Each structure stands twice: as structure tokens, then as C-alpha cells.
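Step one of this worksheet: look at the structure below.
The values are calculated or read from the model by the stated rules, or taken from the named source; none is laboratory data. Being a predicted model, the structure only gives us computed values, none of them experimental. Heads up, the Cβs are rebuilt from the backbone with ideal geometry, glycines too, and the neighbour counts pull from every protein chain shown. Ligands, DNA and RNA are stripped out before the accessible areas are found, and what is left, the full protein with its side chains, is counted by its heavy atoms. Shrake-Rupley method; radii C 1.70, N 1.55, O 1.52, S 1.80 Å.
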Amino acid sequence: MSHPTLTFESIRARPVLLELRRPVVARIATITAWPMIVIDLTTKEGVVGRSYLEPYVAKAVNYLVPALNDLGELLKGRRVSPVELYASGRRSLHFVGYEGLSMIAVSGVDMAAWDALAKAAGLPLCVLLGGSVGPVRAYNSNGLWLREPEAVAAEAVELRDEGGFAGLKLRLGREDPRDDVATIAAVRRAVGDGVQLMVDFNQGLQLAEALHRCHMIDDLGLAWIEEPIVYDDLDGHARLAAELKTPLQIGENFYGPRELLKALQRKACDLVMPDFMRIGGVTGWLRAAGIAGAAGVPISTHLYPEVAAHVMRVSESAHWLEWQDWANPILRRPYEVKDGMLHIPDLPGVGLEWDEDAIAASRPDR
């Protein structure tokens, strides 16, 4: 069987700004409009690989788009071999460091390169990686921000019923910790005992406060407690993980697979959930998933549900996929969610196609 050879031609990176149906209201930030960068990797053979980035802060696109263009120039004429392109991109960043915007740009190119390679092979990405097309268990993470308990409970029922979800994520970190406890209780009454509840402090607490507040919710049957303190305080997370019965979840801020390894070596968590733009796209994820699998640590995804679904089908310790539909407005064919599962379309690549009219209407410079 011959494999197609693709030659890297160019990168086209376009910023968009999407209004959120349910604005983000977290302990550390309020976000009403969601910035994205849509990426088209074009090859000399005419195959186009697609991916997107979600850099949280609208101003970040001013730095990321030029970084993506620079990577496009660096890789022009190279064979589209994602592992080699990833290595080249990382080497080009040695002197500025792997963390931050530089790694995010490499991740965006990596995801697009994998999409192009799978398209050229005529296979869904999960099949190219040695897996099969099928459903992936998901929890709904589209809301449940810091609002009053009864409003959060009503929204929880909506979110559960949007796709028959058996898992929902609440955000915590209200001024009075008793209000967090009351919110969890209200949501539990509303959705019943059959729905797993994850909670996320979004790095909003100091260690002493986290010790107090996490112990307050430790007997509530939660699926996990996520990022109670700032992401790089591995010693603080290790203390929390040692004291709590509820599993501690971290990982969306791991920049590269080695950071996941460090966290596991320090016993800083019970669960991991890498983010694709920080872990290193598909290539970084596969390496991180290998480490987690070898350690017997369940691995969940953060954002990017379309590419996430494909790699979860080939991850040994796959746990939960985080479902957020924030990219749906610019997709021609959003993924289907039913019975609490995200269903991968049987299409070559990742299956992303842009709604160009929606992209044009969402440009931040309009």
C-alpha cells in the first residue's frame, strides 16, 4: 500500500470573534466574546488541513497570527510529516522557550498537519492513528458559571438534556464558600443522582483557602475537583491531592508532555486533562497520553472536541471528553451529540469544514 506524500505550501490564519451564548463568568475572568484563529494548511498537492486555536484573550491573536505566518515560512517546501514538523517548530523556539504563544502556534500547525495527512490517506484521523470511528463519552461544559444557585440548577437541566449527558461541570469560587455548596446541592436536586458532577475553581484560590474550601465539598460525591490553585504550583496541588478523597484534576495548562510527566512524578494530581493548544496538538497529546496510560492515570480532554474525539479513540486511559460547542457557529457540519456521546463523522481527516459566511461575519476587524 502506497502512502501519499504531501509537501507543505502555506499557512492561512484568520482571527474571528464569536459571541458566547452563555458568557464565561469565572473567579478570574468574565468573557462574553470568544476569540478563535482558523487555520488552513495548504499543500502543493491541493490538500487543505484545517484546525483552530482558542487563545482566550482577543489581543493574543495579534501575536499568534504573525507567529503562525512565520512557522508557515519556516516549513514551506517541507514534507507534511507532523512529527517532524512538530520537532522543527519546537527547535525554532529553543531560545524563546516552549511555553506560551510559541507553543500554541506550533500546536495549531500540528493539528492542521495531521488533518491534511489523514485526508490525503482518505481516512478519519482516528483510523489513521490505528483506532476506529465510534462514539466518545462526553460531559457538557457549556455553562454553569458563577451565578445564583437556582439559576445554575435550571441551566444544569438544560445542559443535561441538550445531548442526554451523564456528566456536567460547574464552576466554583464564589465569595462565600457556602454559596458554592448551596449551588452543588441545587444542581444535584435538579439533575438527580445519575449525573456525574465535576467542579472547577479555575485557579482562583490561594492554597490555604483551597484546603478549607475543598474539604468543605470533599464528601459531596463529586467526580473531580479541578485546578483549585494556580496551575504551576505543583507542590500545592500535591498537598491537596494527598489530603482529599475527591480526585484532583489538572492539566489544561501543561505546556508539552514533559510537564504532565513532572506533575505525575510530584503526585500533584489524580487525573489529567491536557489542552491541545498547550500540550502540542495531536503529536503532543499522543505523547502525553502514552505517559498517562503507562502510569494508569485517566486522561480527559480540554476544549477542541472535534480533534479530541479522534485521539480519545486511541488513548489507553481515555476518561471524559469536554464538550463545548463554541466553534459550532463557524463549522458547516458540527459534530453530533446524543446519549451523552460525541459521534465522530466517518469522513477523511478531522471533518472540519468552515462556514465562510460565518467567518466573514465574525472577523474582529469588521
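Ignoring everything but the protein chains, give the 1.4 Å probe accessible area of ILE225 in square angstrom, nearest 10.
Taking all protein chains as shown, ILE225 has close to 0 Å².
Can you give the relative contact order of the chain as a percent, counting alpha carbon pairs under 8 Å and 6+ residues apart?
Numbers: 781 pairs, mean separation 68.4, N = 366.
Answer for the chain is 19 percent.
Using a 1.4 Å probe and counting only protein heavy atoms, arrange ASP357, ASP161, ASP200 so the residue with the most accessible area comes first.
On the way: ASP357 125, ASP161 95, ASP200 5 Å².
Ranking ASP357, ASP161, ASP200 by accessible area, largest first, yields ASP357, ASP161, ASP200.
Kindly express, to the nearest 10 degrees and within the range 0 to 90, the angle between helix 82-91's C-alpha long axis and the longest C-alpha principal axis of the chain.
Orientation of helix 82-91: about 80 degrees from the principal axis.
So if R0 is 25 Å, what FRET efficiency would SER10 and TYR56 give, r being the distance between their Cβ atoms, rounded to the nearest 0.05? Can you show the working numbers first?
Working: r = 26 Å, r/R0 = 1.06.
Given R0 = 25 Å and the Cβ-Cβ separation, E is 0.40.
Suppose we keep just the DSSP beta bridges with both residues in region 223-366; what percent of those would be antiparallel, to 5?
Details: 4 of 11 bridges.
If I count the DSSP bridges inside region 223-366, around 35 percent turn out antiparallel.
Excluding ligands, DNA and RNA, what is the solvent-accessible area per residue of region 148-282 at a probe of 1.4 Å, expressed in Å²? It would help to have the intermediate numbers written out before the result.
Numbers: 5080 Å² over 135 residues.
Each residue of region 148-282 exposes 38 Å² on average to a 1.4 Å probe.
Probe radius 1.4 Å, ligands and nucleic acids left out: which of TRP285, TRP326 has the largest accessible area, and how do the rest follow?
Details: TRP285 0, TRP326 25 Å².
So the residues, ranked largest to smallest area, are TRP326, TRP285.
Carbon and sulfur together cover what percent of the accessible area of the chain at a 1.4 Å probe radius?
51 percent
At 222 nm, what value in deg cm²/dmol follows for the chain if DSSP H runs of at least 4 each add -39500 (n - 2.57) and the sum is divided by all its residues, to the nearest 500?
Details: 13 runs with 142 residues, N = 366.
Helices in the chain give a 222 nm mean residue ellipticity of -11500 deg cm²/dmol.
Filter LYS262/LYS338; LYS169/LYS267; LYS59/LYS262 down to the pairs with a C-alpha to C-alpha distance above 26 Å, please.
Numbers: LYS262/LYS338 36 Å; LYS169/LYS267 24 Å; LYS59/LYS262 31 Å.
Flagged as over cut-off: LYS262/LYS338; LYS59/LYS262.
Please list ARG333, ARG174 from largest to smallest accessible area, probe radius 1.4 Å, with all protein chains kept in place. Intermediate values should be presented prior to the final figure.
On the way: ARG333 115, ARG174 25 Å².
I get ARG333, ARG174, largest accessible area first.
Run the 1.4 Å probe and let me know the accessible area of SER141, rounded to the nearest 10 Å².
0 Å²
Given the chain, what percent of its DSSP beta bridges are antiparallel, to the nearest 5? Before the final figure, lay out each step's value.
On the way: 27 of 47 bridges.
That works out to approximately 55 percent antiparallel.
Relative to the longest principal Cα axis of the chain, at what angle does helix 281-295 sit, 0 to 90 degrees, rounded to 10?
So the inclination is approximately 50 degrees.
With all distinct Cα pairs included, what does the Kirkwood hydrodynamic radius of region 221-302 come out to in Å, to one decimal, could you say? Could the numbers behind the result be given before it?
Numbers: mean 1/r = 0.0813 Å⁻¹.
Here the Kirkwood hydrodynamic radius works out to 12.3 Å.
In region 24-183, what % of DSSP beta bridges are antiparallel (nearest 5)?
On the way: 8 of 9 bridges.
Here the antiparallel bridges make up roughly 90 percent for region 24-183.
To the nearest 10 degrees, how steeply does helix 61-75 sit against the main Cα axis of the chain, on a 0 to 90 scale?
Helix 61-75 sits roughly 40 degrees off the main axis of the chain.
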